[in-house]
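Colleague: Quick one: structure below, then a few questions.
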Amino acid sequence: MGQGKDLKCGKCGYSFREMTGEGFFPTLHSEMMHEKARAGELGEILKKFLKKHKNGSISFIAVTLCCDECGNLEQGSDYTMILPIGENEVKYIKYPHTCSLCGGKMHIVSSNEERLCPHCKVPLEIMSRIWWD
C-alpha cells in the first residue's frame, strides 16, 4: 500500500501531490523495475550496479525528493542500491538524485520533515490525504 497527500501553499497557490510507499503489488513492481534497470531504461548508474553485482538489489519505493539548492519538490523512486556483503550484512549505496530544474543534489524527504513551498519557503498545507494500491 501507499499513501499520499495533496499539498498547497497558502501564500502563492503552488500545489504538489505526494505519493509514497510500495503500492499493492510490491514484489511484482520490484521485478518489473529491476528488468527496466538491467535494460538501462532507468539510467546507467543502476544498469552498471546490477551488471557488476549479480546479487544486488534496488529499492523502488515511491518517495518525495527535495532539491538542496532550489527547494524543488519531485516524485521519484528511492533507488537505494542494496548489496549483500556477508551472511547477515548488507551495504546500502545511496542513489545520487539530481533536480530536474537546476541540476542540484536532491534528498529523500523524511516522513517528519516539513514540506516547504519551493517559491515562498513557507510550509505547505495538507488539503487531502490519499491511499493507493
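The numbers here are math on the coordinates, done by the rules we state, and not lab data. Just so it is clear, the model here is predicted, and its values are computed rather than measured. As a convention, Cβ positions derive from the backbone with ideal geometry for all residues, glycine included, and neighbour counts pool all protein chains shown.
Colleague: Around R115, which amide H atoms from residues at least 5 apart in sequence, or from another chain, sit under 5 Å from its own amide H, with H modelled in the peptide plane?
Modeller: L124
Colleague: A further question follows. Find the relative contact order for the stretch 2-132 and round it to a whole percent, using C-alpha pairs within less than 8 Å whose residues are 6+ positions apart.
Modeller: 30
Colleague: Using θ = phi - 60° and the Karplus form 6.51 cos²θ - 1.76 cosθ + 1.60, what ³J(HN,Hα) does each residue of the stretch 76-93 get, whole Hz, x for Gly and Pro?
Modeller: Result, rounded to whole Hz: x, 10, 4, 6, 4, 8, 10, 10, x, 10, x, 4, 10, 10, 9, 10, 9, 10.
Colleague: Spelling out what I want: for every residue of the stretch 64-73, take phi, set θ = phi - 60°, compute 6.51 cos²θ - 1.76 cosθ + 1.60 (Karplus), and round to whole Hz; glycine and proline get x.
Modeller: Karplus values, whole Hz, x for Gly and Pro: 9, 10, 10, 6, 6, 8, 10, x, 4, 9.
Colleague: Just order 122-129, 67-74 by mean Cβ neighbour count inside 10 Å, highest at the front, would you?
Modeller: Taking the mean over residues of other Cβ atoms within 10 Å, the ranking is 67-74, 122-129.
Colleague: Is the stretch 93-132 rounded, prolate or oblate when judged by the Cα gyration tensor, a ≥ b ≥ c being the square roots of its eigenvalues, rounded requiring a/c under 1.5 and prolate requiring a/b larger than b/c?
Modeller: Because a/c hits 1.5 or more and a/b fails to exceed b/c, the stretch 93-132 counts as oblate.
Colleague: Also, quick follow-up: Could you go through the stretch 118-123 in sequence order and give the Karplus-derived ³J(HN,Hα) for each residue, using 6.51 cos²θ - 1.76 cosθ + 1.60 with θ = phi - 60°, rounded to whole Hz, and x for Gly and Pro?
Modeller: These are the phi-based 3J(HN,Hα) values: x, 8, 9, 6, 9, x Hz.
Colleague: Within the set K47/K91; K51/K91; K47/K94; K5/K36; K48/K91; K48/K94, which residue pairs have Cα atoms separated by over 25 Å?
Modeller: Table pairs above 25 Å Cα-Cα are K5/K36.
Colleague: For S77, enumerate residues with amide H under 5 Å from its amide H, sequence gap 5+ or separate chain, H modeled in the peptide plane.
Modeller: Hits under the 5 Å cutoff: V63.
Colleague: Run down the lysines and flag those whose C-alpha is under 17 Å from the C-alpha of K8, throwing out any fewer than 8 positions away in its chain.
Modeller: Partners found: K121.
Colleague: Expressed in whole Å with the largest first, what are the equivalent ellipsoid semi-axes of the stretch 51-133 derived from the C-alpha gyration tensor as the square root of 5 times each eigenvalue?
Modeller: Over the Cα atoms of the stretch 51-133, the semi-axes work out to 30, 16, 11 Å.
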